[in-house]
Amino acid sequence: MIGLIMAGGKGTRMNLPDEKLLLQYKKPLILHVVDSLNNSNCFSNILGITSFNSPKTK
């Protein structure tokens, strides 16, 4: 089974200077999501989808 992460926002509604999934809480938020999917042992692959709005997240 594939775990899918949609990661494509700029964070403008949150008035952020950077992409929202790169906010730090001990590590970037996107890595918390990836680690949770990995630790669930439910997925054989994890696929992250980004947009042109999130080049740093990619």
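The values are calculated or read from the model by the stated rules, or taken from the named source; none is laboratory data. The model shown is predicted, which means the values in this text are computed figures rather than measured ones. Positions of Cβ are generated from backbone atoms using ideal geometry, with glycine treated the same way; all protein chains shown enter the neighbour counts.
Within the stretch 5-17, the residues that satisfy the criterion of being surrounded by fewer than 13 Cβ atoms within 10 Å (Cβ to Cβ) and either assigned to a loop (DSSP other than H, G, I, E, B) or out of contact with any helix residue (DSSP H, G or I) (no Cβ under 7 Å at 6 or more places or on another chain) (or both) are MET6, THR12, ARG13, ASN15, PRO17. One residue stands out in the stretch 19-45 among those that are outside any helix (DSSP H, G or I) and surrounded by 13 or more Cβ atoms within 10 Å (Cβ to Cβ): the one that is modelled with the highest pLDDT, namely PHE43.
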